[in-house]
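**Student:** This is the structure, below, for whatever I ask next.
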Amino acid sequence: PARHFDTGTTEPVSFFLSGLEELLAWQPDSNDDFNVSAVPLAKRQPPLHSKRPRTLVCHDMRGGYLEDRFIQGSATRNPYVFYHWRYIDIFVYFSHHTVTIPPVCWTNAAHRNGVPVLGTFITEWTDGEKLCEAFLAGGVEAYRAVSEQLARIAQHYRFDGWLVNIENTLSAVAVGNLPLFLRHLTAQVHSAVPGGLVIWYDSVLQNGALRWQNELSEENRVFFDACDGLFTNYNWKEEHLERTRGLAGPRHTDIYVGVDVFARGDVIGGGFDTDKSLRLIRQHGLSAAIFAPGWVYEHLGEENFLQNENKFWGSLAEYLPTHSICTLPLATSFSLGMGTSRFLAGKEEEAGPWYDLSAQEIQPLYPEREGRLSTSCCLQDAWCGGSSLRVQGTIPPGEERVAIRLFSLQMPAPPKLFLTLLYKLEAPQPDDFAVALELTTWDSGTCHEGNITSLPEPNGRHHPRFIPAPPPGLAKLLAACYRGSHGWTSRCYELDLQDCSLRDLSLLVSRHQPSPQETSFTCLLGEVRVLDAASMAASPPQVQSLTASQLWWQ
C-alpha cells in the first residue's frame, strides 16, 4: 500500500492521516510493524511530572516527512539531526496534515534518551471548520470516536500523546463540546499510554473566535483546565507572562510559553537571541516551547550545521535544566544517527553518507566553556557507527588535569561497577597526556570506596582502578579492553562502592608533567560504558517467538 511503502523504492515509510474519514477509518494493519517504535521510553531524573520548569521542542521543518520518513534510513548528505536531548523534556513532531504521526525514527531516538514524543492533531482554514463541525457539533459519540482513535494510534505506534491545534473559528455548539472532547482525549491517552500527554495550543477562545492570546487568559483557560498543558502563541511581552503566572497558580509549569526561533511577528528574541526570550520565561517560573529550532539548519545552511547547532543550544544552556540518567547499563558510542561513513571497531567499513535517527545512540551533555573547552561531533573518525565525540580544551597553567562532565547520573551505586573507555588522543603531543574516567558521588557520611575501612574520597571523586585483564566470565563482554585498534586505545576499570549515590561521569585529561604554560589537547571518545557487575554476570534473556514475514528474495 502506498501509505506504508515508498512508491519509488518500495521502502517502508512513515506517514500521516488526512481528514476525518482517514482518521476514523484507521485501524492497525500488518504493514504497520515498521512504524511501531521499538525503543521504550527510558527513565530519567527528574521525571516529567516534577514541578520544575520544562522545555518542549516543536519540530516544524518544510512540511515534515522529509528524509526522516524512510524508516530504514537513507543516503542523505548533511541531514538534520537533533541531539541535545539532555536539555529538553518533550519533543513534538509538527506538520499541517490533520493527524501527524511522528516518524518512528524520531520516537526511537527520543525514547532512547528519555524524551516523550507527541504527534499533532490540527484543523485549520475553512476545511478545518467543516471538520470540527462534523465531529464537535455532532454530539458525544462523534467526538468520543475521534479521541478514542487518537489514543489508539498513539498506543499502537508507541509514541506519547498529542499536541491539539484548532486554528479555525467554531460554532457555538462545537466550542461547547471542545472542552469535553479535550477531557475525554486526555483521559483516553492517559489510560492507553503510560505517562501520556495532551497539550493544547493557544488559538480558539471559549466563544469560538480564533484569536491568539499569547498567554493563559479567562478566554482560553477552559481548555487548559481540560488537558495537561497550554502551548502559548509567540507574540507575548513580559506582562503576558506575569498575568499567566498569576492565573495558572500551582500549574505554572504546565504553561509552555511559545518561542519562535524564526522570530516571526513581534517577539522578544529568536535566532541567536532566543536566550532573551528564555531568560524572561524562566524568571516567571514557566515552561518554554521552542518552536522550529531547525532555523539553525534552514537559515544558516547545512554545511556548518553541527557547529552552529552546538553554538545555538550552548547559548541557551543556562536556561535549560538538564536531566540525569538513572538506570544501568549506560553504553554509548555517541553516534548521531548519521555519518559520512560507517565504522566498526575503529575501521571504516563503508564510505558514503547515511542517515537513520533510529541508530542514534545515547547523547551526552555538550559542555562548552568559552575558549577553554568544547565538545562536538567528529564525523571523520569513529569507533562504531558514524561519529565519535571530540573533546577539545586546554589545561590551565600550573594545573595537572581537567574534568569534562559527560553525563549527569542519579541512582544508587551498585556494590561493583565495571567501566570501559575507547579513546584516541590527537595532536599536538598525544604522548604528553593521560586519559581516564572519573565518577563522582553525592556527599553522604556513609559513602565509601572499597572496603569499609578506607577513607571517604574528598568531595566524592572516585578514580576507578585500571584492570589489565578482564575478570573470568566477563572476557567476552569486556573483550574490547585490550583490543584497541586503528589508533584507538581501549581501557577497562573497576570500582567498588558502598552506600553511595552516583552523581556525574566525567572524562579526565591530565598531563604527565605540570607546566607553567597552558596546554591544548584534542581527544576523540569512541565508546563509554558503565556496567553493574552483578547484572553482567547474569546470562541475557533468550530471544523467543522470532518470526519473519513479507520476505522478497532478490
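The values are calculated or read from the model by the stated rules, or taken from the named source; none is laboratory data. Keep in mind that what you see is a predicted model, and the values were worked out from it rather than measured. So basically every Cβ, Gly included, is an ideal-geometry build from the backbone, and we count neighbours across all protein chains shown. Surface areas here come from the heavy atoms of the whole protein model, side chains and all, with no ligands, DNA or RNA. Shrake-Rupley method; radii C 1.70, N 1.55, O 1.52, S 1.80 Å.
**Student:** Enumerate the pairs (first residue in the stretch 315-342 and in a helix (DSSP H, G or I); second residue anywhere and charged (D, E, K, R)) with beta-carbon separation below 8 Å, excluding pairs fewer than 6 apart on the same chain, so at least 6 apart or on different chains.
**Tutor:** S315/D275; L316/D275; A317/E368; E318/D275; Y319/D275; Y319/R279; Y319/R282
**Student:** Here's another thing I want to ask about it. Of everything in the stretch 380-402, what is open to solvent by 30 Å² or more (accessible area, probe 1.4 Å) and more than 15 Å from V528 (Cα to Cα)? Give them in sequence order. Show your work before the answer.
**Tutor:** So in the stretch 380-402, the residues open to solvent by 30 Å² or more (accessible area, probe 1.4 Å) come out as 380, 384, 390, 392, 397-401.
Within the stretch 380-402, Q380, Q392, P397, G398, E399, E400, R401 meet the criteria.
**Student:** Taking the stretch 219-260 on its own, how many of its residues are part of a helix (DSSP H, G or I), open to solvent by 10 Å² or more (accessible area, probe 1.4 Å) and farther than 30 Å from S191 by Cα?
**Tutor:** 6
**Student:** Exactly one condition in (1) within 21 Å of W354 (Cα to Cα); (2) outside the structural domain of F94 (by the TED database); (3) of a type outside the set (K, R) is false for G64; which is it?
**Tutor:** The number of the failed condition is (2).
**Student:** For the stretch 340-372, which residues satisfy the criterion of being within 28 Å of T274 (Cβ to Cβ) and surrounded by 15 or more Cβ atoms within 10 Å (Cβ to Cβ)? Please lay out each step first, then the result.
**Tutor:** Within the stretch 340-372, the subset within 28 Å of T274 (Cβ to Cβ) is 355, 357, 360-372.
Correct list: Y355, L357, Q360, E361, I362, Q363, P364, L365, Y366, P367, E368.
**Student:** Okay, next question. Evaluate the following for D273: is it open to solvent by 30 Å² or more (accessible area, probe 1.4 Å) and farther than 21 Å from N165 by Cβ?
**Tutor:** Yes: the conditions hold for D273.
**Student:** Residues in the stretch 230-243 that are without any contact (Cβ under 8 Å) to a residue 60 or more places away in the chain and within 17 Å of T55 (Cα to Cα): how many?
**Tutor:** Initially, the stretch 230-243 is screened for residues without any contact (Cβ under 8 Å) to a residue 60 or more places away in the chain, giving 230, 232-243.
From the residues that got through so far, the ones that are within 17 Å of T55 (Cα to Cα) too are 230, 232-234, 241.
So the answer is 5.
**Student:** Inspect all residues belonging to the stretch 363-385 and state whether any of them is at pLDDT 95 or above, of a type in the set (D, E, K, R) and closer than 25 Å to W488 by Cβ.
**Tutor:** Looking for residues that are at pLDDT 95 or above, of a type in the set (D, E, K, R) and closer than 25 Å to W488 by Cβ, one finds at least one in the stretch 363-385, hence yes.
**Student:** A further question follows. Name every residue in the stretch 10-32 that is at positive phi and either in contact with a Pro (Cβ under 9 Å, 6 or more places away or on another chain) or surrounded by 13 or more Cβ atoms within 10 Å (Cβ to Cβ) (or both), in order of residue number.
**Tutor:** G19 - this is the single residue of the stretch 10-32 that is at positive phi and either in contact with a Pro (Cβ under 9 Å, 6 or more places away or on another chain) or surrounded by 13 or more Cβ atoms within 10 Å (Cβ to Cβ) (or both).
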